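Chemist: Below are the structure tokens for one structure; questions will follow.
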Amino acid sequence: MGEHFGFRRPEQDIRWTDHSSIDIDEPHEIGGSNRFANPQEHLLAALNACMMVGYVAQCAVRGITLEKLEIETHGEIDLRGFLGIDPAVPAGYDNLSYVVRIKGNGTRQQFAEVHDAVMATSPNFHNVSRPVDLKPTLVVE
């Protein structure tokens, strides 16, 4: 991911070195304006987008023409963990589930092979589906 340039609250405008940005917000209940997707929604969208690229690429190399491709991902976050109200409640997802709806000129077996290949090669599937070591650094200025 790129370098973080800055943010503002309650909506956050996150920028990278190439000056692209995404708008981030939160629901009214936790101080946001609910105008934009929250960070968790962006996380799931990034997961889905990465996997979609994988499905398209895997189908293309197999000569499969896609007519439809949808990925719907769902997870629950208990705000008691996020807000630090209950230390026994995790701050994030315990699990995520997703459904892939795919249609094209491939066989059921070919689509199963594509599905397996995407799970094996998608960087974001890899990053979200297993523990990743984070090495934080705090810079106080």
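Chemist: Suppose the filter is at pLDDT 90 or above and farther than 18 Å from residue 98 by Cβ; does residue 46 pass it?
Modeler: no
Chemist: Moving to a separate point now. I need the full set of residues from the range 118-141 which are closer than 15 Å to residue 43 by Cα, touching a helix residue (DSSP H, G or I) at 6+ places or on another chain (Cβ under 8 Å) and aliphatic (A, V, I, L, M), in order please.
Modeler: The answer is 128, and nothing else.
Chemist: Residue 73 - would you say it is more than 29 Å from residue 26 (Cα to Cα) and among the polar types (S, T, N, Q)?
Modeler: It is false that residue 73 is more than 29 Å from residue 26 (Cα to Cα) and among the polar types (S, T, N, Q).
The values are calculated or read from the model by the stated rules, or taken from the named source; none is laboratory data. This is a predicted model, so every value here is computed, not measured. Virtual Cβ from ideal backbone geometry, glycine too; neighbours counted across all protein chains shown.
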